[in-house]
Amino acid sequence: MGILDLGRYKGIVFAITGFLVFMAIIMAVNHGKAGQFSDNVAGVRFLENRAQQPHAVYDASVQLAQRLQNGEKIDETLESLRKAAAAFDNSLNSLANGGMITDSTGDILVLPSMTEPAAVEQLKGASKLWDGYKAKLDPILRFSGSPYVTTQPAPAPAPAANGKNAAAPVAAAPVSTVQLSPRGRRLQGALNDLTQYGNTAHGQLSTVLASLSNQVEAHSRKQTDTLRYIQIGGMVAALLLLGAIFLFFARNLRKEEASSNRQRKETQDILRTVNEGLFLLDKDLKLGSERSMALNAIFRREDFLDLTFDKLLKDIVPEKTLRTAMDYVALLWGERVNEKLVKTINPLNEVEVHFDNPAGGFDTHFLEFDFNRVKSEGSLSHLLVTVNDVTKRVMLSRELQESQEKAQAQLDLLLRILHVEPDSLTSFLTDADVSLKMVNSILKEPAREESAFRAKIDGIYRQVHAVKGEAAALGLKTVEQRAHAFEESLNDLKGRQSLSGSDFLPLVVKLDDLFNHLAQVREMLSRLVDLHHAIATKRTAGGEVGAEKVDQWLAGQDQTQITKALVAPADLGETTGAVGGLERTLEDLAARVASSQSKQVNLRCAGLDGVPEAYRRAVKDITIQLVRNAVVHGIEEPGERAKVNKAAAGALAVEFTPRGSDGFELIVQDDGRGLQLERIKEVAVERGLITPAQAAMLDPRQTMALIFRPGFSTADRVTTDAGRGAGMDLVRILVAELGGRVGLASAGGKFSKFKIWLPATQSAVAA
Amino acid sequence: MMTKVELETFVEGTTHYFATAANQPASVGSPYIVQEGKPTIQEFTGLISIAGKRRGIVYFTASRPMLTVMLMRMGETELTQENMCDLVGEVANTISGNARRDFGKDFMISVPTVVAGEPEKIVTPDNIRSFVIPINWRSHSAQLVVCLE
């Protein structure tokens, strides 16, 4: 701001300057007048003093006459007369000449009042009178020498100059002895004329001077009055001016205050109403005193006094976010910062904050911070921070993203399960759910000792293996892989020297994963079945499939529960029941495993539709294991089969036959290489199931029984199809649980035949 | 998806407390999942809430007899409800400290709260299964429950 750039203070500066100038003028006038006042006083004194001079002239002339008459020396008296006459003449001339006088210090003063007409007139009269006086005085003053006859005795010593004192000696002198010379007589005559004239004139002159003195005094009084009026006028004017200034500024102040109040109210209204949280941050990162009310709601606090930005965020964001935020804000304070560029890297653009919930836990919100650099006089003074609660927007966006990701995942899943018969899938899901719950139940059984933990492993293994087997049979690769990973964890636990609950933590994590994944499959199946249902309904009605329905399904809006799917098969017209599903499952399994093993196989199923409900699950698990085993271990590759004159495709038969009161018979037979007893013994020894000595003593039947031992497998490596030796163990256990028996017949290079007897059940008999 | 490491962190926090404060290590029981309904809640529960990368609650719940023995082992003569609350609160605090150390800066972990009885006060997130890890100490069994999204 320049010195003359007074801004809003211009008015008051001008007004005060004007006032001071006015006061200076008043004081100058006052001073001038006061100066004249002292001149007048000097003038009055001067005139009063000069009023005595005519008397002095007269007295001197009288005294001179007296001395002359007495024959005394007159020189001194004459000289006094001269001086008195000259002084009065000088004074009168000065007064007549523009009123000039000489004060006691010798300074020449001018009495303006002497130029007034009345004074001039009086002075003229006085001058005229004095001129007459002077005419009479002139011969006397020009006298020199002695007025006496020279023969006369020397006069007596001169008395004092005082005329009064001189009168006595004059009177005492002997008159008869005075003898005047002719000049003396002329002098005496002149003196007589003078005293006669002076007798009246000196009084008149004194009166004139006294009158002039009075005039000067009157003039002085007048000036004093003028001065008083000027002072009073000045004071009144000053007061009026002050009053005007005061009123002017009071009005201006009021206006400014009103304007300021209005602006403040507008600002407050804005800050109270605006939805954004607004505040300023200073260089110390302290929040400013003005902020929007929305900030209270956004940050769930009322007190922002002396709060710094880091304290504002500290309790609601993770430490890492806080550090990033503080670094970013520090960056914004740099002078050479490209604000637009820096804004693009704002880490607080969408920050997740957590507020303590009084009921416990956190309330999570998303806040959007925007920073604007506020410049004042060319330098950065504040940061304007705008905060928005964008929770809804972020949640919607995230939901949309999750929904898209889920839709993508579901599409992938859908493509995987599309080829699976819904009934088979439903059946699998139900069974898998039971299996996994069983796994959870096994886990839940209290265990403290290592043996208790170890006992859990086999039970869990069987359940997971069953899930894996069926998933593989249905071609549900994602489920199969998860179950396989679960098995690997179990295998890892089996090999450990000691076991505790901590070792089981990976299992619950994998179990959780399997539960979640199956839930997704179930959801997809639900939609799939619903779509099938919709299509079938449309077909029945002879119309086209409603595109809307398909869209709804794809969007996941029409989520028919899986229970609905279970009652739907009758409408599908593609399957006859769960066991029909099993037949297809086995065919798919055989084909898929054969394909993965580069083999060919023809599967023939018979009687599976007659499996009683009580055995449905077990028969499914058993046949899945046996069919897979047959393809992996029994059926040879086409080339090998050709060498022994077998058809390229292996023959595999699954037959389920009711035997009345004897129960049921399940036969799984293949025309493959049969059981290789020596290989079985070798593997059993390798895996530590038996010792070489025990192997040597085993008969064929006992050797074949080895394949039912847990952990036995002749597969060279572990794959999802074979390798851990759990499958036959599962078959043995399932059969044993049902109270049945397993028979095994095999001829090397010709066939293998598993014959399973299952007891009659109440429901089976009834059927 | 919950990871093994995350579960281990909570379990270690709990067992660490027993090993150091209760002067006798605890063993971890067989963990399991609770899918529906509420997991076990015993008489005293110390709870922490977690937000950030994961959200939900983790709590340690124990019975009065177990806490009584623990207090006695720790040389505490006043077997009051207040001390038992403090005890489960301390366990929760240790779990919280362990979690802070292991999970880094991406997590927000609340200060522990203690609930004596009143299982309705413990609110688990909807539709989220809980992992229950039994913590066996002497003849007693407490539970560590992890319920995170």
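The values are calculated or read from the model by the stated rules, or taken from the named source; none is laboratory data. What you see is a predicted model; the values in this text were computed from it and never measured. Counting neighbours? That spans all protein chains shown, and the Cβs are built from the backbone with ideal geometry, glycine included.
Annotations for the structure displayed:
- Residue count for the stretch B:130-145 under the criterion of being within 9 Å of chain A (Cβ to nearest Cβ) and either surrounded by 21 or more Cβ atoms within 10 Å (Cβ to Cβ) or of a type in the set (Gly, Ala, Ser) (or both): the result is 6.
- Within the stretch A:663-710, tally of residues that are within 29 Å of residue A:607 (Cβ to Cβ) and of a type in the set (D, E, K, R): 5
- Verdict on residue A:490 being more than 50 Å from the chain's Cα centre (by Cα), modelled with pLDDT of 85 or more and either in a helix (DSSP H, G or I) or more than 8 Å from every other protein chain (Cβ to nearest Cβ) (or both): yes
- Of the residues contained in the stretch A:347-360, one or more are found to be over 28 Å from residue B:111 (Cβ atoms) and either in a loop (DSSP other than H, G, I, E, B) or more than 14 Å from chain B (Cβ to nearest Cβ) (or both).
- Any hit, the stretch A:74-96, residues being surrounded by fewer than 23 Cβ atoms within 10 Å (Cβ to Cβ) and not in a helix (DSSP H, G or I): no
- Residues within the stretch A:626-671 that are of a type in the set (Gly, Ala, Ser), buried (at least 24 other Cβ atoms within 10 Å of the Cβ) and more than 16 Å from residue A:728 (Cα to Cα), tallied: 1
- Counting only helices (runs of 4 or more DSSP H) wholly contained in the stretch A:279-341, no element carries 3 or more residues that are crowded, with 18+ Cβ neighbours inside 10 Å and at positive phi.
- Counted residues, the stretch A:361-381 - those being under 23 Å from residue A:297 (Cβ atoms), not in a loop (DSSP other than H, G, I, E, B) and not β-branched (Val, Ile, Thr): 10
- One residue alone among A:300, A:221 is charged (D, E, K, R), away from chain B (no Cβ under 14 Å) and within 30 Å of residue A:116 (Cα to Cα), and that residue is A:221.
- Scanning the stretch A:419-449 for residues that are in a helix (DSSP H, G or I), more than 10 Å from every other protein chain (Cβ to nearest Cβ) and under 58 Å from the mean Cα position of the chain (by Cα) returns A:422, A:425, A:426, A:428, A:429, A:430, A:431, A:432, A:433, A:434, A:435, A:438.
- In this structure, residue A:526 qualifies as touching a Ser or Thr at 6+ places or on another chain (Cβ under 6 Å) and assigned to a helix (DSSP H, G or I).
- Residues of the stretch B:90-127 satisfying the condition of being surrounded by fewer than 15 Cβ atoms within 10 Å (Cβ to Cβ), aliphatic (A, V, I, L, M) and within 11 Å of chain A (Cβ to nearest Cβ): B:111
- For the stretch A:231-251, filtered to residues that are touching a residue at least 40 places away in the same chain (Cβ under 8 Å) and under 45 Å from the mean Cα position of the chain (by Cα), the residue that is surrounded by the most Cβ atoms within 10 Å (Cβ to Cβ) is A:245.
- Every residue from the stretch B:31-47 that is in contact with a Pro (Cβ under 7 Å, 6 or more places away or on another chain) and facing chain A (nearest Cβ under 9 Å): B:47
- A count restricted to the stretch A:97-124 and to residues that are of a type outside the set (A, V, I, L, M, F, W, C) and surrounded by 14 or more Cβ atoms within 10 Å (Cβ to Cβ) stands at 7.
- Only listed residue being in contact (Cβ under 8 Å) with a residue 40 or more places away in the chain, over 22 Å from residue B:25 (Cα atoms) and more than 11 Å from chain B (Cβ to nearest Cβ), chosen from A:456, A:468: A:468
- The residues listed here are A:482, A:398; of these, the one that is surrounded by fewer than 17 Cβ atoms within 10 Å (Cβ to Cβ), without any contact (Cβ under 8 Å) to a residue 60 or more places away in the chain and of a type outside the set (A, V, I, L, M) is A:398.
- Contact map, the stretch B:1-19: first residue at negative phi and more than 10 Å from chain A (Cβ to nearest Cβ), second residue hydroxyl-bearing (Ser, Thr, Tyr) and in a helix (DSSP H, G or I), Cβ cut-off under 8 Å, separation 6 or more or different chains; pairs are B:13/B:94; B:13/B:96; B:14/B:94; B:16/B:94; B:17/B:94.
- For residue A:363, the criteria (1) within 14 Å of chain B (Cβ to nearest Cβ); (2) under 18 Å from the mean Cα position of the chain (by Cα) hold in every case but one, which is (2).
- Filtered residues of the stretch A:462-476 (kept if over 18 Å from residue A:626 (Cβ atoms) and at pLDDT below 85): A:475, A:476
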